[in-house]
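Quick note: the coordinates plus some simple rules give every number you see, no bench work behind them. Everything numeric in this text was worked out from a predicted model, so none of it was measured. Virtual Cβ from ideal backbone geometry, glycine too; neighbours counted across all protein chains shown.
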There are 2 protein chains.
Amino acid sequence: MHPRQLRYFVTIARLRHFANAAQECGVSQPTLSAGLSALEREVGHRLIERDRRFVGLTPQGEAMLPWAEQILGAVAGMTSSVAARSASITGQFALAAIPAALPLAGRFGDTLLERHPGLSLSVRSATSREIERALNTFECDAGLTYLDHETPANVLTVPLHAERYLFVTRADGPLGGLTEIKWEEASAQPLCLLHQGMQFRRILDARMLDRGLAITPRAVADSYVTLFDLVRSGGFCTIVPDTYASLLAGLPWACCAVLDDGDIPRRIGLVVVNRVPLSPMASTALAVARSLTGV
Amino acid sequence: MHPRQLRYFVTIARLRHFANAAQECGVSQPTLSAGLSALEREVGHRLIERDRRFVGLTPQGEAMLPWAEQILGAVAGMTSSVAARSASITGQFALAAIPAALPLAGRFGDTLLERHPGLSLSVRSATSREIERALNTFECDAGLTYLDHETPANVLTVPLHAERYLFVTRADGPLGGLTEIKWEEASAQPLCLLHQGMQFRRILDARMLDRGLAITPRAVADSYVTLFDLVRSGGFCTIVPDTYASLLAGLPWACCAVLDDGDIPRRIGLVVVNRVPLSPMASTALAVARSLTGV
DNA sequence: CGCGCTTGATAGGCGCATCCTATCAACCTA
DNA sequence: TAGGTTGATAGGATGCGCCTATCAAGCGCG
């Protein structure tokens, strides 16, 4: 059972295509096929159903896949752990963040890169569930997400931000100039919001429901940038996390009003997998995040 | 990087001896040396310091060891996971229990073996810290230990017992016939107890301290059987967890008195590592333990 | 119906990694 | 100083994994 064969298996399962998987693994297609066959011979079961083309994973393949991902991740962790022992930490730091947390990535990333010149940073936007999955398969080193709502299991967390809500409208609109607004009033405006697959929207719905309000947005989108553009065009208002306050402050046409909020604010923060042992990337991220909260 | 080489490395680190490690791995000593060299060449660092004999692990070796253990454990988990998918669960179930929980192993083991005829059970006595370590390195599949005191991290738990304390003395001694006893009175007797390295003793000390009492045992031992024998010989009394009540009930010379206890009882239960995914052994153990609490 | 494309399996050959036995070199102990 | 211990080295056999080239089955399309 060679880890390389596990890599073949995992890649085939993801791409559902032998030749493409072979290319991604940097080997020829027959090599990939032979590697998979060897793996199947060793575990004593067919892992991937195929008849002249990819069909799907067998039950045994389904059972094996998460383990294989975990093993490959641990191999990567081991390698970087040994490398970090003898040199300063280097390579690419993969950070996954929910959209609401994207404006926090800058501050975190700055400090990270400043302290560790050998590192490069890769930020990707993802849902909280994708972050949980990516953390477990070592596809990313850390995540920025909500800590109090649908928190992933088995993680170490560092809170970075207590979230409040901003009502955004055009400065020259009927509500321009406001600095505070009530939930009731906000919900009565023509709103554009994230779609319901996204966590901030679900949280917003819950907060509304707590007050007996229902939102019926006139437009939905999957990114804040789109929401801002819809507001700028004039027809809509929106509600966004206050992590976007600094960005909005630079927009001359935008007016932000804080929503009065008696609730305990949701915390956003850094999460890393809590494993024994901790990967160097993870412990570095924790140290950086903790130093940010200390400021 | 072949898992076999990791096995070589981990075994050498544990046995601190090349030839012995080779024998345990079932290969010749030169093979083991060559495998280790290949691993070191691949990671680019010497892992084990040696000059004609084993010296110790290098810093890189120390960093690598826990990862290697984790990978080997995951490989084992993967194998059993795939096997369990196509057949009923089989093999050896390794259970580690603190001494105070040993009398709970019977009930758990009975149900486990009854439901899964292909399984055999191996129980070993261990400290709570050894259990935590063994769980993480997959040396055991589950543990029986305290859930509220020095709980290992990253585990799923099922409470099986709420602990109370039994004062044990000879039935024909001065305190024979008692059914209840106060902490003050118990602490004034000539006591024999576990030594302080063991968790039940630390808990007992803490409970005593809560009441302003200090214990000065006249004898210490590392097993309950020894304690019972000291009591039987006549010179001592002891305090043990009530998990031993059924055992003591069969001893004609013993008299048990319940210690009055206003505290929240410590819970003893089953623990398994909380990993994604859960090994078949772990999920089996959880199911059995949960069915026991349902009764 | 047949041509060509797609996709995974097979064949043959090559090179490297791993394994073994045998032996050596350094060290320890008596 | 002789003998045992311990890890490294040498030399040879084996097998695994990799490549290129090719095949076989299914699919789409004229």
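Here the protein assembly as shown is treated with +1 on each Lys and Arg Cβ and -1 on each Asp and Glu Cβ, and its dipole about the Cα centre works out to around 1540 debye.
Between A:L160 and A:I268, A:G269, A:L270, the built amide H atoms are under 5 Å apart, and every one of these is 5 or more places off in sequence or on another chain. The C-alpha atoms of chain A define a longest principal axis, and helix A:280-294 lies at about 20 degrees to it. Based on the Stokes-Einstein relation at 4 °C and a viscosity of 1.567 mPa s, and on the Kirkwood radius from alpha carbon pairs, the range A:2-76 is assigned a translational diffusion coefficient of 107 µm²/s.
How would the range B:1-150 be classified by its alpha-carbon gyration tensor: rounded, prolate or oblate, with rounded meaning a/c under 1.5 and the a/b versus b/c comparison settling the rest?
Because a/c hits 1.5 or more and a/b exceeds b/c, the range B:1-150 counts as prolate.
With both bridge residues required to lie in chain B, what share of the DSSP beta bridges run antiparallel, to the nearest 5%? About 60 percent, rounded to the nearest 5. Starting from the label point of B:T31 at 7 Å along Cα→Cβ, the same points in the other copies fall at 2.7 nm, in ascending order. Simple rule: put +1 on each Lys or Arg Cβ and -1 on each Asp or Glu Cβ in the range A:240-295, find the dipole, and look at A:A249, A:S279, A:L292; the Cα lying farthest toward the positive end is A:S279. When the chymotrypsin sites (Phe, Trp or Tyr not before Pro) in the range A:1-42 are filtered for DSSP coil states and for at most 16 other beta-carbon atoms within 10 Å of their beta-carbon, no site remains.
Please compute the contact order of the range A:135-279 in relative form: average sequence separation of alpha-carbon pairs under 8 Å and at least six residues apart, divided by the residue count, as a percent.
Values: 233 pairs, mean separation 70.3, N = 145.
Worked out over the range A:135-279, it gives 48 percent.
Across the range A:92-104, coupling constants 3J(HN,Hα) worked out from phi with the 6.51/-1.76/1.60 Karplus curve, θ = phi - 60°, read 9, 9, 9, 10, 10, 9, 6, x, 4, 9, 4, x, 8 Hz, and Gly and Pro carry x. With 10 Å bins beginning at zero, the pair-distance distribution over Cα atoms of chain A amounts to 6, 23, 25, 21, 16, 8, 1, 0 %. Seen from B:R218, the other residues with C-beta closer than 15 Å to its C-beta sum to a net charge of 0, counting Lys and Arg as +1 and Asp and Glu as -1. Eigen-decomposition of the gyration tensor built on the alpha-carbon atoms of the range A:140-253 gives equivalent ellipsoid semi-axes of 26, 17, 13 angstrom, largest listed first. Derived from the Cα gyration tensor, the three semi-axes of the equivalent ellipsoid of the protein assembly as shown are 50, 37, 24 Å, largest first. The relative contact order of chain B comes to 21 percent, based on Cα pairs under 8 Å that sit 6 or more residues apart. The fewest-to-most ranking of B:L144, B:L6 by surrounding Cβ atoms within 10 Å reads B:L6, B:L144. Backbone phi angles across the range A:216-221, fed through the Karplus curve with coefficients 6.51, -1.76 and 1.60 (θ = phi - 60°), yield HN-Hα couplings of 10, x, 7, 8, 10, 8 Hz in residue order; Gly and Pro are listed as x. Distances, shortest first, from the label point of A:R218 to those at the same position in the other copies read 9.0 nm; the point lies 7 Å along Cα to C-beta.
Which percent, to the nearest 5, of DSSP beta bridges fully inside the range B:144-267 are antiparallel? Provide the component values of the computation, followed by the final result.
Numbers: 10 of 16 bridges.
Percentage antiparallel, nearest 5: 60.
Every helix of 4 or more DSSP H residues in the protein assembly as shown counts as -39500 (n - 2.57), and over all residues that averages to -14000 deg cm²/dmol at 222 nm. Take A:R50, move 7 Å from Cα toward the beta carbon, and the resulting point lies 4.0 nm from the same point in each other copy, nearest first. Taking other C-beta atoms within 10 Å as the exposure proxy, A:T11, B:T151 rank B:T151, A:T11 from fewest upward. Note on the range A:49-101: Cα-only Rg and Dmax are 17.5, 49 Å.
Taking neighbour counts of Cβ atoms within 10 Å as a proxy for exposure, in what order, fewest first, do A:T179, B:T243 appear?
Numbers: A:T179 8, B:T243 23.
Ascending number of Cβ neighbours within 10 Å: A:T179, B:T243.
Determine the dipole magnitude for chain B: charges of +1 sit on the beta-carbon of Lys and Arg, -1 on that of Asp and Glu, nothing else is charged, the reference point is the Cα centre, and the result goes in debye to the nearest 20.
Numbers: 28 positive and 28 negative charges, 168 e Å.
Rounded to the nearest 20 debye, it is 800 debye.
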